[in-house]
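Structure, as structure tokens:
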């Protein structure tokens, strides 16, 4: 999937937060979303690179991918299942 | 290739291994095995592994400097736990540099506050439990001290309370995300990404030199501890080894991965130390002093809350500082100072006797029963966590 053209329904910025806050916020935000919607998460904690892909594929959700952008920030995409 | 020389072959192999070691992450189970072995080696080499004692040494220095304490503490470079802490930090820093992940990482003000408060709670809890998540739980359990199991229960309770707070905070306090300034990746005019591995390599050589230096001044034991700590820091950073997850994730996401790893690591550690102690290679009561049950349980609960707030326990605080997290520097300051002060308080009022005393598992269950019970206990913990992962029975969010 081409991550640069993906249309996210909602964006969650977790920059500056570290483990476990990014994952906790992702879980909370995703709970309020509808099936099929896509959540984009911005974050710069190195831990998220392991947490989010692992967790993103659980509970029927789908982890679509991640891509590094400027300033050490990574964009993550999860599709709510 | 026909033109392949020995040199080019070695170079290619070295490049592949560099990627495998420093660019790909290590599986947590492998780290669990390594850490158990390293902890056993530290035990054989000198005394059981701990971290909080080193933090306390640093806190004592502060208290001595400002005139609160009159007794001069051990020099940090002559204190075993302080030395292994330096090692863990240096190992993680080297690992972060080698994998080009070192960066000064700032956080929003509320996160710094949580870092300090988490550190204070951990320092307080560790003083009562006779150690942190390493000395009071991991090593205590490995040394077959009942206090380790009590602290484990306490850590679970604390993690649950801490997580409840984080959920409350998420609903009620809004934290503005930090605006990231895009910095040019240069260091003294050169590309930081290219420079990092060379600094990491230099650090590795410095640690090896330090070992031989300690050896030359007749302090080989300390040099060895520094080196073992260094290896632990490397392993922890490469695998992002985090004791907190074993206690937090069952309540948060239901994941049981880290529970499996910690349980397996403890079985190796415990069985290894059983061999060492049963055979009297080391004195059996060594490392068995944790105040069972009140101190370990209560201290563990307070420590558990602290580690959730800080986002790191005693060990992951060190390796995350090595990766450049400023929030955890705050945690370290809070931990050191509060641990030194609480320890002073406990000694002054002779509280440790009231909190319980060190109980050695084989004294309670006999050697014959301790070994199967120990294994069954940790296997049960693992199965409980796996069952929770499937049913989410304990997940509170």
In terms of the alpha carbon gyration tensor, root eigenvalues a ≥ b ≥ c, rounded if a/c is under 1.5 and otherwise prolate when a/b exceeds b/c or oblate, the stretch B:313-397 is oblate
Semi-axes in Å, largest first, for the protein assembly as shown (Cα gyration tensor, √(5λ)) are 35, 28, 23
Bridge orientation stat for chain A from DSSP, antiparallel percent rounded to 5, came to 75 percent
When B:114, A:80 are arranged by how many other beta-carbons sit within 10 Å of their Cβ, fewest first, they go A:80, B:114
Taking a ≥ b ≥ c as the square roots of the Cα gyration tensor eigenvalues, with a/c under 1.5 meaning rounded and otherwise prolate when a/b beats b/c or oblate if not, the stretch B:1-159 comes out prolate
The distance between the Cα centres of the stretch B:221-260 and the stretch B:9-50, in whole Å, is 12 Å
Least to most buried among A:19, B:249, by other C-beta atoms within 10 Å and fewest first, runs A:19, B:249
The protein assembly as shown: antiparallel bridges as % of DSSP beta bridges, rounded to 5, reads 75 percent
Mean per-residue count of partner chain Cβ within 10 Å for A:8-21 equals 6
So for chain B, using the alpha carbon gyration tensor with a ≥ b ≥ c as root eigenvalues (a/c under 1.5 gives rounded; past that, a/b versus b/c decides prolate or oblate), I'd call it rounded
Between the alpha carbon centres of the stretch B:286-364 and the stretch A:38-81 the gap in Å comes to 34 Å
Summing -39500 (n - 2.57) over every DSSP H run of at least 4 residues in chain A and dividing by its residue count gives a helix-only mean residue ellipticity at 222 nm, to the nearest 500 deg cm²/dmol, of -7000 deg cm²/dmol
By Cβ neighbour count within 10 Å, fewest first, A:31, A:79, A:58 rank A:31, A:58, A:79
What helix-only [θ] at 222 nm does chain B give? Using -39500 (n - 2.57) per DSSP H run of at least 4, over all residues, to the nearest 500, the answer is -23500 deg cm²/dmol
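The numbers here are math on the coordinates, done by the rules we state, and not lab data. Everything quoted here is computed from the prediction, not taken from an experiment. Cβ sites come from the backbone with ideal geometry, for glycine too, and all protein chains shown count toward neighbours.
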